[in-house]
Amino acid sequence: MTTQRRTFLTALAGIFVNRKAMSEAAPSGSQIIDDLSAQPPGSTIGTEWRLFTDTVMGGVSRATMTREMVDARAAIRLQGDVRLDNNGGFVQISLDFRQDGGAIDASAWRGIELDVFGNGEEYALNLRTSDLDRPWQSYRQAFRADSRWRTVQLAFNDFSPSRTEIPLNAHRLRRLGIIAIGRAFHADISVGGVRFFR
């Protein structure tokens, strides 16, 4: 065997070993939506986080969205006061799945998981699909954000339709939102990661 051929085979073997190691290291049960590594307000998938409050509908709730370290972890943080005046009652941060606002097919996944840290209050994950044409329509599932980092898994089958009769279709996901809604309280929730899970 020539030296040149031996060198080529050694390099080829190294490529296969590296690929195998990368495959073993990659989590097979999840897919990152945002790991908070992008420059804010950007996300891992290339879209941007946005802040919404009920002021778009005449309400008076106020909130801020910041990127900061929370309990030694990079996070996007939603803080504000939810008020029910003028038929209001929500503050929210949201993320489109595509830059053009179009839908993605997430049916290969069982749901979405969030790494959250909060003030012990109840929040919800809001989902919107391309089946919905009214801004107040969504699919919602509640969770509690305690004052320690933890991961909550929210299965698509457990989302409830809000102001729509159309069932949730994971083939047509457009947007997710973390929302504080429905009662007057101080919201303070941090998100350190968002993923699809099997």
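The values are calculated or read from the model by the stated rules, or taken from the named source; none is laboratory data. On a predicted model such as this, the values are computed, not experimentally measured, just so you know. Because the Cβ atoms are built from the backbone with ideal geometry, glycine has one as well, and the counts that use them run over all protein chains shown.
Quick notes on this structure:
- Within region 56-127, strands (runs of 3 or more DSSP E) holding 1 or more residues that are more than 14 Å from the chain's Cα centre (by Cα) and without any contact (Cβ under 8 Å) to a residue 12 or more places away in the chain: 62-70
- Scan region 143-160 for residues that are within 16 Å of Ile179 (Cβ to Cβ) and surrounded by 15 or more Cβ atoms within 10 Å (Cβ to Cβ) and the total you get is 5.
- From the list Leu125, Leu176, Leu154, Leu114, the one residue that fits, being touching a Gly at 6+ places or on another chain (Cβ under 6 Å) and closer than 18 Å to Asp34 by Cα, is Leu154.
- Arg195 vs. criteria over 24 Å from Ala38 (Cα atoms) and either surrounded by fewer than 16 Cβ atoms within 10 Å (Cβ to Cβ) or under 16 Å from the mean Cα position of the chain (by Cα) (or both): no
- Criterion (surrounded by 11 or more Cβ atoms within 10 Å (Cβ to Cβ), closer than 30 Å to Leu173 by Cα and modelled with pLDDT of 95 or more) met by exactly one of Gly29, Gly88, Gly80: Gly80
- Residues in region 77-97 that are under 23 Å from Thr129 (Cα atoms) and among the β-branched types (Val, Ile, Thr): Val91, Ile93.
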